[in-house]
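Some notes on the structure that comes next.
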Amino acid sequence: MILIVEDSLVIRKLIVEVLAEKNIPSMEAINGDQALKLMKKNTFDLVIVDIMMPKINGLELTKIIREFSNVPIIFLTALSDEKNQVQAYNSGADAYITKPFSPHILLSIVGRFFEKKEDIKTIGNLEIFFKSKKVLLNKKEITLPTKERDILFYLAEHMGVVKTRDQILSAVWGYDYFGDDRSVDKHISRLRIFLEEGGAYIKTIKKIGYKFEI
């Protein structure tokens, strides 16, 4: 599934049609706010984003996404100058296409990322499948509640890096969440129970947050 983030209806529909020719499913967002909400509820293999958008522009959106996801991001924009391209790559972009664009070039670049094989990380007795969102414990698949699963994948994506409670809240609950950050502690405790001995891989960093490591 590809997420298209573009405020122009004409451009969005054109991209949808180009992808549909190759039977590639997509969803649409008209701005960064809507894109982030969709990303909290859906799993995407790729994001195509414009720079010039209301509320949250493409550069800001990409920086936010990179706080919780390594999903490939392609910029598709009318801004062709070197400065914007450098900013795009610095924010976390994987490719940059300028408008007007060639459908053939778009599909070629999309294919480089969309056809990726399953990304699997093995940590001790855990196997984490990032694309299909599966978790195996001792070679057997386990079912995790949504929040616990999202916390696990977020920490595993940033293995060895300390993440504060606020960062985890932003990544899992949404950047505009204003609830108690102790919700993170409660869900971490439940996650450790689900993971059994694998729960020991989630380290508590006193007064700061958590990190995932052996």
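The numbers here are math on the coordinates, done by the rules we state, and not lab data. Given the structure is predicted, the values throughout are model-derived calculations rather than measurements. Every residue, glycine among them, receives a Cβ derived from its backbone with ideal geometry; neighbour counts consider all protein chains shown.
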Taking only Cα atoms, what is the 0 to 90° angle, nearest 10, from helix 32-41's long axis to the longest principal axis of the chain?
40 degrees
What is the helix-to-structure angle for 9-20, meaning the angle in degrees between its Cα long axis and the longest Cα principal axis of the chain, kept from 0 to 90 and rounded to the nearest 10?
70 degrees
Ordered by number, the GluC sites (Glu not before Pro) in segment 79-159 that occupy a DSSP loop and have at most 14 other Cβ atoms within 10 Å are GLU115, GLU118
Where Rh denotes the Kirkwood radius from the mean inverse Cα pair distance, what is Rg over Rh for the chain?
1.00
By the C-alpha gyration tensor axes a ≥ b ≥ c (rounded if a/c is under 1.5, else prolate when a/b exceeds b/c, else oblate), the shape of segment 101-214 is oblate
Which of the lysines could a cross-linker span from LYS206 if the Cα-Cα distance has to be under 18 Å and same-chain partners fewer than 8 positions apart are dropped?
LYS163, LYS186
Identify which of ALA171, ALA29, ALA78 has the largest mean-square fluctuation in a Gaussian network model of the chain, with springs joining Cα atoms closer than 10 Å.
ALA78
Please sort by residue number the trypsin sites (Lys or Arg not before Pro) in segment 103-143 whose DSSP state is loop and whose Cβ has at most 14 other Cβ atoms within 10 Å.
LYS116, LYS117, LYS131, LYS133, LYS139
Let me understand segment 1-120 better: what is its radius of gyration from the alpha carbons, and its Dmax, in angstrom?
13.0, 37
Under a point-charge model restricted to the Cβ atoms of Lys and Arg (+1) and Asp and Glu (-1), what is the dipole moment magnitude of the chain relative to its Cα centre, in debye to the nearest 20?
680 debye
How compact and how long is segment 1-63, expressed as Rg and Dmax of its alpha-carbon atoms in Å?
11.0, 32
Once you've got the GNM for the chain with C-alpha springs shorter than 10 Å, pick whichever of SER69, SER183, SER26 has the biggest mean-square fluctuation.
SER183
